[in-house]
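One structure is given below, encoded as structure tokens.
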Amino acid sequence: MSLGFAPLGVLSLAVRAGRVAGQGIAQAVRILSHRRAAHRLAQLDDRMLKDLGLTRSEVMGALDLSWRDDPTLHLGDRRHARAVGRSAVRMTIVASEGKRIGPNLAA
């Protein structure tokens, strides 16, 4: 009578299934935690959101995403895009004589 490798194959499949399920649960808990943080951001006033580099419509839009999407990733991407866009374009005001008359201004 030979057992072969079948029991080990079933065991490895069970371990893998448990690992995948555990990762899925951890991901769901992380997303729910981040969604709760986004709800706390929505409770801030507009001045505080501006200090963070966000607008109320961005926060509300992130909360309107599917429950499977992480709203804080969306907000981070929006904030980063705005910061990169702000620093990417610079201009200097120069008089006709070639003298600089103003500081570098972000567009």
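The values are calculated or read from the model by the stated rules, or taken from the named source; none is laboratory data. Bear in mind that the values here come from a model prediction, so they are computed numbers and not experimental data. Using ideal geometry, Cβ is built from the backbone for each residue, glycine included, and neighbour counts are taken over all protein chains shown. Accessible surface areas use protein heavy atoms only, side chains included; no ligands, DNA or RNA. Shrake-Rupley method; radii C 1.70, N 1.55, O 1.52, S 1.80 Å.
For beta carbons closer than 8 Å, sequence separation of 6+ or different chains, a first residue in the stretch 65-82 that is touching a residue at least 40 places away in the same chain (Cβ under 8 Å) and a second that is open to solvent by 70 Å² or more (accessible area, probe 1.4 Å), the qualifying pairs are Asp70/Arg30. Exactly one residue among Ala14, Ala26 is modelled with pLDDT under 90 and either of a type in the set (S, T, N, Q) or more than 30 Å from Ser57 (Cβ to Cβ) (or both), and that residue is Ala14.
Being under 28 Å from Ala26 (Cα atoms), modelled with pLDDT under 90, among the basic types (Lys, Arg) and assigned to a helix (DSSP H, G or I) is the requirement here; does Arg79 meet it?
Working: under 28 Å from Ala26 (Cα atoms): yes; modelled with pLDDT under 90: yes; among the basic types (Lys, Arg): yes; assigned to a helix (DSSP H, G or I): yes.
Considered against the rule, which asks whether it is under 28 Å from Ala26 (Cα atoms), modelled with pLDDT under 90, among the basic types (Lys, Arg) and assigned to a helix (DSSP H, G or I), Arg79 comes out as yes.
Among the residues of the stretch 37-56, those that are under 21 Å from Ala26 (Cβ atoms) and either open to solvent by less than 70 Å² (accessible area, probe 1.4 Å) or hydroxyl-bearing (Ser, Thr, Tyr) (or both) comprise Ala37, Ala38.
On the basis of being closer than 12 Å to Leu75 by Cα and open to solvent by less than 90 Å² (accessible area, probe 1.4 Å), does Val59 make the cut? Yes; evaluated as a whole, the condition is true for this residue.
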